[in-house]
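K.L.:
Just dropping this structure here.
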Amino acid sequence: MKTQKVKLSEIKRNPDNPRLIKDNKFHKLVKSIKEFPEMLEIRPIVVNDDMVVLGGNMRLKACQEAKLREVPIIKASKLTAEQQREFIVKDNVGFGEWDWDMLANVWGNAELNDWGLDVWQPEQEVDYSVLEDLDLEETLEGKESNVKRAVLIEFDPEHYDQAASLINEARKEGKNVGLIVLNAFKQ
């Protein structure tokens, strides 16, 4: 399959594409396209013969936002209608996992966040001074084994209210929030 450049206006978004990108990530994608347009050459938008996007719906939207006039595409002319439907989903499935240790050792947190990766640590400094005088291990020494212990979980300001609400709902239902988090990390 050959890559070709076409006017952005010739490409049609796919109304059946189930992939969404939220505001913050979308703005990062637009910024990424503006700063590194060569990525589009390496990973062009995939369309069918009717110029409907099969792969790259969000990139198309970001290219429009970035006011590009032309973009590289690949026409997937040999795909059957069923293969096109399958491609739409499979193009967006993440089969792998990140090696977080390698990411942390090779790239900076701000850099990864800027590129659109959800990083574990917040960008801004966290004020742990409220915990400085606490020696939790000493405080819990000699206590019964059923004494609840706490773990600090950090949330970006934009997610804090949602997280607090979910935690409060779980507690009202008598669920063990710590166990839910622990099981989520095990997956």
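The values are calculated or read from the model by the stated rules, or taken from the named source; none is laboratory data. As the structure is a prediction and not an experimental result, all values here were calculated from the model. Here the Cβ positions follow ideal geometry from the backbone for every residue, glycine too, while neighbour counts run over all protein chains shown.
K.L.:
When only residues in the range 71-82 that are loosely packed, with under 15 Cβ neighbours inside 10 Å and of a type outside the set (Ser, Thr, Tyr) count, which is farthest from Gln4 (Cα to Cα)?
P.N.:
Glu82
K.L.:
Out of the residues in the range 83-123 meeting the condition of being among the β-branched types (Val, Ile, Thr) and modelled with pLDDT under 80, tell me which one is surrounded by the most Cβ atoms within 10 Å (Cβ to Cβ).
P.N.:
The extreme case among them is Val119.
K.L.:
Additional query: Does Ile88 satisfy the condition of being outside any loop (DSSP other than H, G, I, E, B) and farther than 30 Å from Phe155 by Cβ?
P.N.:
Against the criterion (outside any loop (DSSP other than H, G, I, E, B) and farther than 30 Å from Phe155 by Cβ), Ile88 qualifies.
K.L.:
Listed residues Arg43, Arg59, Arg19; which is crowded, with 16+ Cβ neighbours inside 10 Å, modelled with pLDDT under 95, of a type in the set (D, E, K, R) and under 20 Å from the mean Cα position of the chain (by Cα)?
P.N.:
Unique residue meeting the criteria: Arg59.
K.L.:
Would you be able to tell me the number of residues in the range 52-76 that are assigned to a loop (DSSP other than H, G, I, E, B) and closer than 22 Å to Val93 by Cα?
P.N.:
Of the residues in the range 52-76, 2 are assigned to a loop (DSSP other than H, G, I, E, B) and closer than 22 Å to Val93 by Cα.
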